[in-house]
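Colleague: Sending over a structure as structure tokens; questions will come in a sec.
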Amino acid sequence: MPLLPSGVSGLGVSMWLRVLDAPGGSDLRIRTEANLVGRLGQLGEPIVRGRADAIMGSFATNLAAAAAARGA
């Protein structure tokens with residue numbers, strides 16, 4: 001993430017999805033990365049990171065349930 005002027009905060013998020021062949025189906029790999037800078041990063045990083053982890057956990061659970069319901 002580029003350097004920001006003093007007093008400015010920023011958030012950068014990247015997500016990578018990769019589908020691999022696996023015995024009997026496919027294997028989905030998900031990687032996320034979040035970068036917080038400025039005051040937001042100093043004060044809110046633990047809160048934002050915890051919430052982001054919870055969201056990705058819910059996403060994985062819901063995706064697995066949807067795949068199971070479709071018989072995938």
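Colleague: Could you list, ordered by first residue, the pairs with Cβ atoms under 8 Å in which the first is in region 18-41 and in contact (Cβ under 8 Å) with a residue 40 or more places away in the chain and the second is part of a helix (DSSP H, G or I) and exposed (fewer than 12 other Cβ atoms within 10 Å of the Cβ), at least 6 apart or interchain?
Modeller: Pairs found: none.
Colleague: For region 26-54, name all the residues that are touching a strand residue (DSSP E or B) at 6+ places or on another chain (Cβ under 9 Å) and among the hydrophobic types (A, V, I, L, M, F, W, C).
Modeller: 28, 30, 34, 36, 37, 40, 48, 52
Colleague: Continuing with the same structure: Tell me the residue from 13, 19 that is closer than 30 Å to residue 67 by Cα, out of contact with any Asp or Glu (no Cβ under 6 Å at 6 or more places or on another chain), part of a strand (DSSP E or B) and modelled with pLDDT of 90 or more, please.
Modeller: On inspection, the qualifying residue turns out to be 19.
Colleague: How many of the residues in region 20-37 are over 20 Å from residue 55 (Cα atoms), surrounded by 10 or more Cβ atoms within 10 Å (Cβ to Cβ) and among the aliphatic types (A, V, I, L, M)?
Modeller: Result for region 20-37: 1.
The values are calculated or read from the model by the stated rules, or taken from the named source; none is laboratory data. Treat the numbers as computed from the prediction; the structure is a model and nothing was measured. Positions of Cβ are generated from backbone atoms using ideal geometry, with glycine treated the same way; all protein chains shown enter the neighbour counts.
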